[in-house]
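Each value in this text was obtained by applying a stated rule to the coordinates, not by laboratory testing. Quick caveat: nothing in here was measured; it's all calculated off a predicted structure. All Cβ positions, glycine included, derive from the backbone under ideal geometry; neighbour counts span all protein chains shown.
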C-alpha cells in the first residue's frame, strides 16, 4: 500500500503538480512583506482529513509572516489517508503556501509526528526548500534554547499499544464528524461554536491525568537535555507554562483549537488562537490571545 508521502510524491512534487492552480496575485504582499515574527510554530494540521481547518490556517499564515516556520508534526495524516483518500483543493493550497513561503526566504522546518511518521526516514533531507528533521532546536532572540519535538514518544498509548491509538484515532474522527453536524445545527439556531471532543476530554479524569503526565514528561526530558524549554504538539491542547522551571509550550492544533505559538522580534513568546472569518461574513479575522 502506498504511503501518504509516496502518494503525494514528496513536498517538491506536490508543489510542481499543483503549480498550475497558483496565481501571482493570490497574495501580492507575500514574500515582499517584512516578517512580523521571528518564528511561528504550528502542528497537528491533519491534512488529508475532513477535520482539518485548512481555510483558517491559510488566513493565519497570511497574517503571520515569519523568519522561521516550524511544522511540529502531524502535518499530513498518513493514518487516515491509508484508510481513505481525502485531499481537497484547500489542503493542496496549504502545501502550496508552505512551499511558497520557503521559496520566498522563510526557513521552514518540518518535524514529523506519529501521523506522518513516514517522513521520519527522510531526516536531514530537503523537499522544495522544506527541511525535514526529527527534532530541532530553536534559540530565541533573548537566548532561550527550545527543544522542538512532536511529542508522541512521550505518549504511553503510542509506545505500548499502537493498535489502541488507531482505535482512538478513529473514535476521534467520529466525534469530529458528529461535532460538525451538531455545530451546523447550533449555527442555524444562532449559537456559537462548541467543541464536543474538548468537552469530553475536559470531563474525563483519566484524560486530564494523561495530559498532565504528558506535559511533565516532555518538560522533564527537555530539562534533562539541557534546554530551557520545549515546543511540542500531539495532544491538541494549547498550553504555555513553566513546569519545574522548564518552559512547556504546546502549540495546539488546526482541527479544533486553531492555535499557534509565535515568537516576537524581541524574543517574547505568545500562544495565540485564531478566530477565522466566516465565509459569508466579510469582516477581518480577529486574534484572541492566551496568556
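Treat the count of other C-beta atoms within 10 Å as a stand-in for reagent exposure and order 84, 97 from fewest to most.
Ordered from fewest to most neighbouring Cβ atoms within 10 Å, 84, 97 come out as 84, 97.
Can you pull a Stokes-Einstein diffusion coefficient for region 27-115 at 4 °C (1.567 mPa s), Rh from Kirkwood over Cα pairs, as a whole number of µm²/s? Don't skip to the end; give the middle numbers.
Working: Rh = 13.4 Å.
Using the Kirkwood radius from Cα pairs, D works out to 97 µm²/s.
Averaging the inverse of every distinct alpha carbon separation and then flipping it gives the Kirkwood radius. What is it for region 71-141, in angstrom units?
13.0 Å
Can you list the residues of region 65-94 with backbone N under 20 Å from a point 7 Å past the Cα of residue 55, pointing along Cα to Cβ?
Residues 86-94 qualify, since their backbone N sits under 20 Å from the label point.
In nm, to one decimal, how far is the modelled label at residue 242 from the one at residue 85, with both set 7 Å along Cα→Cβ?
Placing both labels 7 Å along Cα→Cβ, they lie 5.2 nm apart.
Mind giving me the nanometre distance, one decimal, between the label points for residue 266 and residue 120, set 7 Å out from Cα along Cα→Cβ?
4.0 nm
For a protection proxy built on the mean count of beta-carbon atoms within 10 angstrom, sort 253-259, 239-245 highest first, please.
The most tightly packed comes first, giving 253-259, 239-245.
Among 76, 42, 235, rank each residue by its count of other Cβ atoms within 10 Å, from fewest to most, as a rough exposure measure.
235, 42, 76
Relative to the present Cα-Cα distance, how much length would full extension add between residue 103 and residue 213 at 0.36 nm per residue of separation?
Here the segment from residue 103 to residue 213 would lengthen by 35.7 nm.
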